[in-house]
Amino acid sequence: MSLEEKYSRVANTYSYSIQANQSDDNYDDIGSFRITIPPFPFKENQASQVGIFTLESFYITGQTEADYVSNGAGGLPANGDYDASGFFLEINGLGVRPQLYTTGLSSNIRSNKIFPIINEYGQRRRAGDSSHISSRVVCGGESGKEVVCSNPSGSVLHVKVYSMNTGEKLTSTTLDAIINFKIEMLPTEISNGM
């Protein structure tokens with residue numbers, strides 16, 4: 001890649017790190033949060049019709065011995081002694097091209113807006129009523145999955161988070177969720193020709 005090509009890619013890429021409790025409205029818990037993507041500052045990105053969305057990572061932070069995302073109903077600690085195995089992230093508001101296929105939340109493979117995140121280092125949290133471990137303050141993982149999307153400038157991004165164990169939306173409001181992603185807007189001459 002030439003320096004000019006690298007500059008073009010970096011100049012057309014916007015990175016986001018969104019915390020659930022920094023939501024735009026009352027949708028501010030780890031199972032459902034929304035944020036408005038601000039307008040792009042540069043004319044060439046405003047005119048672009050197509051971008052590449054990359055989900056970089058998703059994490060739940062602030063876990064303690066007593067407050068963590070479990071493998072039980074709603075992800076609540078009282079409902080399971082183990083960490084959640086992973087999460088399904090449903091991301092709405094991007095105009096994602098139907099290229100993601102998963103059985104997440106369904107028994108049939110289908111195209112949808114759901115990204116799987118494996119909780120690679122999940123552990124046993126409790127044994128009955130007693131604490132078993134207490135060193136994990138975060139759970140979640142990295143993704144790197146790329147999909148084509150429409151220009152999301154000014155769109156409301158709505159993220160819903162489901163347990164990979166039960167398929168239920170997470171319900172805890174005392175923990176925090178952080179999603180990291182980037183959007184690379186394609187140059188107008190490419191996006192208009194697609």
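Every number in this text was worked out from the coordinates using simple rules, so none of it is lab data. Because the structure is predicted, anything quoted here is derived from the model rather than measured. Note that each Cβ is placed from the backbone with ideal geometry, even for glycine, and that neighbours are counted across all protein chains shown.
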Taking the structure as given and computing P(r) over Cα pairs in 10 Å bins from 0, in percent, which label from (i) 8, 29, 28, 17, 11, 6, 2, 0; (ii) 8, 30, 32, 16, 7, 5, 2, 1, 0; (iii) 9, 34, 31, 18, 7, 2, 0 fits?
(iii)
Expressed in nanometres to one decimal, the distance between label points 7 Å along Cα→Cβ at VAL156 and TYR101 is 3.3 nm
Distance in nm between label sites at GLU4 and TYR16, each 7 Å beyond Cα in the beta-carbon direction?
3.2 nm
May I ask you to compute the full-extension gain from ARG110 to GLU65, defined as 0.36 nm times their residue separation minus their alpha-carbon distance, rounded to one decimal in nm?
12.5 nm
Over the chain, what is the mean sequence separation of C-alpha contacts under 8 Å (at least six apart), divided by residue count, expressed as relative contact order in percent?
39 percent
